[in-house]
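Participant: Below: one structure in structure tokens.
Just so you know, all these numbers are worked out from the coordinates, no wet-lab data involved. Small disclaimer: the values here were computed from a predicted structure and weren't measured. So basically every Cβ, Gly included, is an ideal-geometry build from the backbone, and we count neighbours across all protein chains shown.
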């Protein structure tokens, strides 16, 4: 029986991976809450890894947030994410873990990158300023895995998801990502009978979205690939693999979809004084598709399911981030 440690099992992605592994069966799944194990504490992580000695580590723990959160707490975002990555990856190696999967973010790519964003665009240009500290930390995570593979022959892999959504998301009105923030805003407007909802920015930026259950499936798919299947021609391991749906939508059109799902009948206004962020972010998922995996949950169906989950949580889903 494989002993698998999921770092961040209470988060949206880690929780989805945890559920999927439970359904699969045949695994000894190791978890710790933040109260039980602070991943920014090097000594605590070292002790945990030496005692538990998992066969596989899935690093899904991270400090995440939307544009507002990244702009407000940039030091927290770069420090906490760097510490989590350094501690988990190094202490996993020190405990003899040979297989590790790290989850990153599409924000690793330059602001002015060609669309769709291919894996080889990494480090070819300037990052989007609104989330640069977080992006730098995630790039460091990729390079940590790549460097341990090169120096020590480990099998540490990184997957870079596009914007994720689904059950377990953070629906805080200011600190969440765009889609859960819209769901909460339109839900509250519909409940109050409001005549209009104003969304941040011009509404013209385009974003790609992937349901978290698809991300969990893709993560385990990449983790289970035979060593060498995802290799590049010029290095022992491909440093990272994009994961996405392969399609995008404008923020304004997304808002209209959310309005339909939540039953909001009023006007949708834009606020161009608020930042748009990167104008387009679409992942090139051709490499993963060629390996045999494609997303299976469409955006409309995914939105409906996510909103149903949100409503089922009641006031708990409205808690502060």
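Participant: Using all Cα-Cα distances in the chain, what percent lands in each 10 angstrom bin from 0 up to the longest?
Facilitator: For the chain, the pair-distance distribution reads 6, 27, 36, 23, 8, 1, 0.
Participant: Another question about this same structure. Please state the relative contact order of the range 1-91 as a whole percent: Cα pairs under 8 Å, 6+ residues apart?
Facilitator: On the way: 110 pairs, mean separation 33.4, N = 91.
Reported as a whole number, the value is 37 percent.
Participant: Residues in the range 40-62, backbone N under 11 Å from the label point at residue 90 (7 Å along the Cα-to-beta-carbon vector): list them, ranges by number please.
Facilitator: Backbone N within reach: 42-43, 46.
Participant: Starting from the Cα-Cα distance between residue 51 and residue 72, subtract it from 0.36 nm times their residue separation and give me the gain in nm to one decimal.
Facilitator: Numbers: separation 21, 0.36 × 21 = 7.56 nm, distance 3.75 nm.
Extra length available between residue 51 and residue 72 comes to 3.8 nm.
Participant: If you don't mind, there's one more thing I want to ask. Run through the DSSP bridge list for the chain and note the antiparallel percent, rounded to the nearest 5. Don't skip to the end; give the middle numbers.
Facilitator: Numbers: 3 of 34 bridges.
Bridges in the chain that DSSP calls antiparallel: roughly 10 percent.
Participant: Could you work out how far the C-alpha centroid of the range 200-224 sits from that of the range 240-269, in angstrom?
Facilitator: Cα centroid to Cα centroid, the span is 13 Å.
Participant: Mark the label point 7 Å from the Cα of residue 29 along Cα→Cβ and return the residues of the range 188-217 whose backbone N is within less than 20 Å of it.
Facilitator: 211-217
Participant: Can you tell me the alpha carbon radius of gyration of the range 180-299 divided by the globular rule-of-thumb value 2.2 N^0.38 Å?
Facilitator: Values: Rg = 18.4 Å, N = 120, 2.2 N^0.38 = 13.6 Å.
Taking N as the residue count of the range 180-299, the ratio is 1.36.
Participant: While we're on this one: Angle check, please: helix 42-52 long axis (alpha carbons) against the longest principal axis of the chain (alpha carbons), in degrees 0 to 90, nearest 10.
Facilitator: 70
Participant: How much mean residue ellipticity at 222 nm does the chain get from its helices, if each DSSP H run of length 4 or more adds -39500 (n - 2.57) and you divide by all residues, to the nearest 500 deg cm²/dmol?
Facilitator: Details: 10 runs with 133 residues, N = 321.
Result for the chain, helices only: -13000 deg cm²/dmol.
Participant: List the extent of the Cα atoms of the range 18-82 along each of their three principal axes, largest first, rounded to whole Å.
Facilitator: 43, 30, 18
Participant: Counting only Cα, what are the radius of gyration and maximum Cα-Cα distance Dmax of the range 1-160, in Å?
Facilitator: 15.8, 46
Participant: Would you mind calculating the gained length between residue 41 and residue 188 on full extension (0.36 nm times residue separation, minus the Cα-Cα distance), in nm to one decimal?
Facilitator: Values: separation 147, 0.36 × 147 = 52.92 nm, distance 3.89 nm.
Extra length from residue 41 to residue 188 when fully extended: 49.0 nm.
Participant: Moving on to the next point. Kindly put 311, 86, 107 in sequence by how many other C-beta atoms sit within 10 Å of each C-beta, fewest to most. Present the calculation step by step, with values, prior to reporting the outcome.
Facilitator: Details: 311 12, 86 18, 107 22.
Exposure proxy ranking, most exposed first: 311, 86, 107.
Participant: Continuing with this model, one more query. Between residue 98 and residue 253, what FRET efficiency follows from the Cβ-Cβ distance if R0 is 51 Å, with the result rounded to 0.05?
Facilitator: Values: r = 45 Å, r/R0 = 0.88.
After rounding, the FRET efficiency stands at 0.70.
Participant: Can I ask one more? Do you know the relative contact order of the chain, to the nearest whole percent, from alpha carbon pairs under 8 angstrom that are 6+ apart?
Facilitator: Values: 597 pairs, mean separation 62.8, N = 321.
Dividing the mean separation by the residue count of the chain yields 20 percent.
Participant: Restricting the count to DSSP beta bridges whose residues both fall in the range 88-219, what percent are antiparallel, rounded to a multiple of 5? Intermediate values should be presented prior to the final figure.
Facilitator: Numbers: 0 of 8 bridges.
Beta bridges within the range 88-219, antiparallel portion: roughly 0 percent.
Participant: Plugging the Kirkwood radius over Cα pairs into Stokes-Einstein for the range 99-177, at a temperature of 10 °C and a viscosity of 1.306 mPa s, what D comes out in µm²/s? List each step's numbers first, then the result.
Facilitator: Working: Rh = 14.0 Å.
Translational D for this selection: 113 µm²/s.
Participant: For the range 71-133, just run the numbers: alpha carbon Rg, then divide by 2.2 N^0.38 Å, N being how many residues it has.
Facilitator: On the way: Rg = 14.5 Å, N = 63, 2.2 N^0.38 = 10.6 Å.
Normalised Rg, Cα atoms only: 1.36.
Participant: Given R₀ = 45 Å, what would the calculated FRET efficiency be for residue 289 paired with residue 151, taking r from the Cβ atoms and rounding to 0.05?
Facilitator: Calculated transfer efficiency: 0.90.
Participant: Grab the Cα-Cα distance for residue 267 and residue 227, subtract it from 0.36 nm times how many residues apart they are, and report the gain in nm with one decimal. Before the final figure, lay out the partial values.
Facilitator: Values: separation 40, 0.36 × 40 = 14.40 nm, distance 5.24 nm.
Additional length available on full extension: 9.2 nm.
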